[in-house]
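Notes to accompany the following structure.
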Amino acid sequence: PMFYINGKEKYPPMEFVVADNDMLNRYEQTMLLIAIFKNYGYDMNKIKLLVQENCEHCSYDFKMDENGDYIFANEIYDFIKSNC
């Protein structure tokens, strides 16, 4: 997607999610994508980076908190709710 970012478009708030033990270079790729938005003057307050700890690629999808709620689903819900 980084080749489609430019300074002309208006982009919505975004949340980027990576695991701390994700696929090789996934974190660096995500940071490069975020840097491209910054380079084009995107409001960096509209970007949220979430690094899931003690996880492999997408293994955080089904982790639950102490109440039995899905942590990742709640994170997405909170992000959407805070940006509507």
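The values are calculated or read from the model by the stated rules, or taken from the named source; none is laboratory data. Predicted model only: the values in this text are computed from it and were never measured. We place every Cβ from the backbone using ideal geometry, glycine too, and count neighbours over all the protein chains shown. The accessibility values were calculated without ligands, DNA or RNA, using every heavy atom of the protein model including side chains. Shrake-Rupley method; radii C 1.70, N 1.55, O 1.52, S 1.80 Å.
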Percent of Cα-Cα distances greater than 20 Å, calculated over the chain: 42 percent
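Quick one: pull the percent of accessible area on the chain belonging to carbon and sulfur, 1.4 Å probe, ligands and nucleic acids left out.
Values: 3440 of 6380 Å².
Answer for the chain is 54 percent, counting heavy atoms of protein chains only.
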C-alpha long axis of helix 26-39 to longest principal axis of the chain, angle in °: 40 degrees
Net charge dipole size for the chain [Lys, Arg +1 and Asp, Glu -1 on Cβ; Debye, nearest 20]: 620 debye
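Per residue, how large is the accessible surface of the chain? Use a 1.4 angstrom probe and give square angstrom. Write down the numbers at each step before the final one.
On the way: 6380 Å² over 84 residues.
Value for the chain: 76 Å² per residue.
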